[in-house]
Structure formats: structure tokens, C-alpha cells
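For reference, the structure is listed below as C-alpha cells.
The values are calculated or read from the model by the stated rules, or taken from the named source; none is laboratory data. All figures in this text were calculated on a predicted structure; none of them were measured in a lab. Every residue, glycine as well, gets a Cβ built from its backbone with ideal geometry; the counts of neighbours run over all protein chains shown. To get the accessible areas, we keep the full protein, side chains included, count just its heavy atoms, and leave off ligands, DNA and RNA. Shrake-Rupley method; radii C 1.70, N 1.55, O 1.52, S 1.80 Å.
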Amino acid sequence: MRYHAVLFDLDGTLLDTLEDLAAAANRVLADQGLPRHPVDAYRHFVGDGLRVLVERMLPADRRDAAMVGGAVAAFQEAYARTWHDRSAPYPGIADLLDRLTAEGVRLSILSNKPDAFTRLCVQRLLPRWHFDPLLGQRDGVPKKPDPTAALEIARLLHLDPAQILYVGDSGVDMRTARAAGMVAAGVLWGFRDEAELTRTGAQHLVARPEELLPLVLSS
């Protein structure tokens, strides 16, 4: 076995959450009388945490602290009601996780979503599989692409970072993996494109979940 563990990003990697994120964000904008964005625009808004998402979706002249803070609270309320309406694992993810589990590969998740909400998403949408450690954004811990949390996961797994395949869909993930000394695999079914993944250090690119199996399992 080449890697003893796989560390996954969540949104855009395991779960397709884009439509629910966009719907909640556009609801907030509409309530403020502000222009909404097409769903695809949110591919480039997400990935750096909630506050950055809100700043990106607001018009440039409406990003003062009070506006952003109010929009963050409104988004949290809207998203809490509908986050699971359309969100689901991408096609092929269930089979991938089944196979990795059967082969004894340890599975972990690191997300820039808040920690409690990350756990709720996994419990609701990925209940069949065991992810440990399972970490979201926590107070006092820098968010990705800072490697602090990824290195914490390596320590908890008692593995050298080089023994872990980091799988994500964005430049944030690729930079996190490289900074942590993990091997970076970029997925092409997620929120960002091949050019971004390559530019930010992807060592492997995969177009379908099953393509990860030989990367992990071959000696």
C-alpha cells in the first residue's frame, strides 16, 4: 500500500454542496435588494471560510464590517434551514469509500467549514463511513491553507505526513497538502479547474473517484 491514510477535503471533493450554498447566499442578497449570482460563480467564492464567501458575494462597495457581519449571520440562518436540500456525495464517492475501508485505509476529513457543522454534514450525508480525525474550522487554529490542522491530523494518525494522500478540489487544498508535506491529489469534479490545481501544486489529477484507488493501493 502506497499510503496508509487519505485526508479528504469536504465540499467539492466528497460532497456536492454548491447548489445549496448558492441558494442560501442568493437568498441573503435578495433580502438586501442586492444582485444575485449564478450558481457557477460560487465555485470561486467558496473554499476560504464563511466570512470570505460573504465578502466575495457582496458588491465591492458593500463590504464594510457591519454589512459583512450581518450577511454572515443571515447566511448562517438561511443555510441552516436548507443545507441538505440538494447536497449529496458525488457519483462514485460511495464506492471509493467502501473500497478504501475494505482495504484498511484510514479516512480523515479537514474542512474550512465550522467544526460542528462539518461534523453534522458528515453525520447526515456520509453516515456509512468512519472518518477519524474529522476536523472543521476551530477557534484558535488557522484555517487552510495553513498546514497546522493537517499536521495535527498526521500526529493523531501517528503517521508521517508523506504517508498521507491529501485529496481536494481547490488551490487552497493543494497548498495545504504541500505545506504539510503530504502528497496533493486534485479532483476535477469539484468547484475549481485543472489550471488552478496545477498552478498550486497538485502532484496528481483525477477525473473520477475510482482513479484514486491505484494511487492509494499500489505499492
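Taking the condition open to solvent by 80 Å² or more (accessible area, probe 1.4 Å) and closer than 21 Å to Arg138 by Cβ, does Arg81 pass?
For Arg81, the condition - open to solvent by 80 Å² or more (accessible area, probe 1.4 Å) and closer than 21 Å to Arg138 by Cβ - is not met.
Run down Leu151, Leu188, Leu217 and say which single residue is open to solvent by 30 Å² or more (accessible area, probe 1.4 Å) and modelled with pLDDT under 95.
The unique qualifying residue is Leu217.
Test of understanding: among Asp98, Asp48, Asp61, which residue is among the acidic types (Asp, Glu) and closer than 20 Å to Gly12 by Cβ?
Values: Asp98 fails: closer than 20 Å to Gly12 by Cβ; Asp61 fails: closer than 20 Å to Gly12 by Cβ.
So the residue among Asp98, Asp48, Asp61 that is among the acidic types (Asp, Glu) and closer than 20 Å to Gly12 by Cβ is Asp48.
Scan region 10-25 and tell me whether some residue there is open to solvent by 20 Å² or more (accessible area, probe 1.4 Å), part of a helix (DSSP H, G or I) and within 18 Å of Trp83 (Cα to Cα). Outline the logic, then answer.
Step one: list which residues in region 10-25 are open to solvent by 20 Å² or more (accessible area, probe 1.4 Å), which gives 11, 16, 19, 23.
Narrowing further to those that are part of a helix (DSSP H, G or I): 19, 23.
Still in the list and also within 18 Å of Trp83 (Cα to Cα): 19, 23.
There is at least one residue in region 10-25 that is open to solvent by 20 Å² or more (accessible area, probe 1.4 Å), part of a helix (DSSP H, G or I) and within 18 Å of Trp83 (Cα to Cα).
Would you mind stating whether Pro127 is under 24 Å from Glu210 (Cβ atoms), outside any helix (DSSP H, G or I) and either free of Cβ contacts under 8 Å to residues at least 12 places away in the same chain or among the polar types (S, T, N, Q) (or both)?
Taking the combined requirement at face value, the residue satisfies it.
For residues in region 158-168 being farther than 12 Å from Val216 by Cβ and within 20 Å of the chain's Cα centre (by Cα), which is surrounded by the fewest Cβ atoms within 10 Å (Cβ to Cβ)?
Pro161
Let me confirm something: among Arg56, Arg2, which residue is touching a residue at least 12 places away in the same chain (Cβ under 8 Å), assigned to a loop (DSSP other than H, G, I, E, B) and open to solvent by 40 Å² or more (accessible area, probe 1.4 Å)?
None of the other options fit; the residue is Arg2.
All but one of (1) outside any helix (DSSP H, G or I); (2) touching a helix residue (DSSP H, G or I) at 6+ places or on another chain (Cβ under 6 Å) hold for Leu159, so report the exception by its number.
(2)
In this structure, does Ala41 turn out to be within 30 Å of Ala94 (Cα to Cα), of a type in the set (Gly, Ala, Ser) and buried (at least 20 other Cβ atoms within 10 Å of the Cβ)?
On the way: within 30 Å of Ala94 (Cα to Cα): yes; of a type in the set (Gly, Ala, Ser): yes; buried (at least 20 other Cβ atoms within 10 Å of the Cβ): no.
Criteria not met by Ala41.
Which members of region 59-105 meet the condition of being in contact (Cβ under 8 Å) with a residue 60 or more places away in the chain, among the hydroxyl-bearing types (Ser, Thr, Tyr) and assigned to a helix (DSSP H, G or I)?
The one that is in contact (Cβ under 8 Å) with a residue 60 or more places away in the chain, among the hydroxyl-bearing types (Ser, Thr, Tyr) and assigned to a helix (DSSP H, G or I): Thr82.
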